[in-house]
Amino acid sequence: MNRYSNFFKNTFKNSYGLDNLSKYLLLVGVLFLLNRNIITLVVGIILIGYAAWRVISKNKYKRNQELQSFNRVLIIIGQKFYRIKYKFNEFRKYKVFKCPECSQKLRVPRKKGKVTINCKKCGKQFKAKT
């Protein structure tokens, strides 16, 4: 038993270890394995294999660069979802009009009836129903 313990200690001594990218790869790989399609099974096995390879890799610098790239992509995706959520909440509270003269977008609170809107860019006044 001690012989196997020493083997694993020496093998994984300087390995990179488990990080967020490896966790996501494992999760997506398992989700692909749950589907019974042959293509998704192969993709799932490849993703799990790549995650396992990342965990035991000794090239820590390269794995860290991959993780930083992955984190940047996650931040971009998170920002896009936040913008969509913000626009949806704004859509419920405000109505957006375009100035007929300069096409400037103007935001007006909803449920105020007919209002006169003043464009701040060109000074044009027009009436609209909110």
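Every number here is computed from the coordinates shown, using simple stated rules; none is lab data. In this text the structure is predicted, and so the values were computed from the model without any measurement. In this analysis, Cβ positions are derived from the backbone assuming ideal geometry, glycine residues included, and neighbour counts consider all displayed protein chains.
Here are the numbers for the structure shown:
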quantity	calculated
Label-point separation in nm, Asn6 to Gln79, each point 7 Å along Cα→Cβ	5.3
Placed amide H near Ile117: partners under 5 Å, 5+ positions off or other chain	Phe126, Lys127, Ala128
J(HN,Hα) series, segment 69-75, from Karplus relation 6.51 cos²θ - 1.76 cosθ + 1.60, nearest Hz, glycine and proline x	5, 4, 5, 4, 5, 4, 5
Mean projected area (nm²) of the alpha-carbon convex hull when segment 40-83 is viewed from all directions	3.9
Long-range amide H partners of Gln104 with built H, under 5 Å	Cys99
For segment 53-60, 3J(HN,Hα) per residue [Karplus equation, 6.51 cos²θ - 1.76 cosθ + 1.60, θ = phi - 60°, Hz, x = Gly/Pro]	5, 5, 5, 8, 5, 9, 8, 5
Helix-only CD estimate at 222 nm, as mean residue ellipticity for the chain, using -39500 (n - 2.57) per DSSP H run (n ≥ 4)	-20500 deg cm²/dmol
Karplus-derived 3J(HN,Hα), 6.51/-1.76/1.60, for each residue of segment 21-29, Hz, glycine and proline x	4, 5, 5, 5, 4, 5, 5, 5, x
Fully extended contour minus Cα-Cα distance, from Gln125 to Tyr24, at 0.36 nm per residue	31.0 nm
Among 68-78, 54-64, 19-29, the order from most to least packed when residues are scored by Cβ within 10 Å on average	19-29, 54-64, 68-78
On Cα atoms only, tilt of 2-11 relative to the major axis of the chain in degrees	50
Label selected from [x] 1.31; [y] 1.36; [z] 1.01, the criterion being Rg/Rh (Cα atoms, Kirkwood Rh) as computed here	[y]
FRET efficiency for Tyr86 and Thr40, using Cβ-Cβ distance with R0 set to 41 Å, rounded to 0.05	0.75
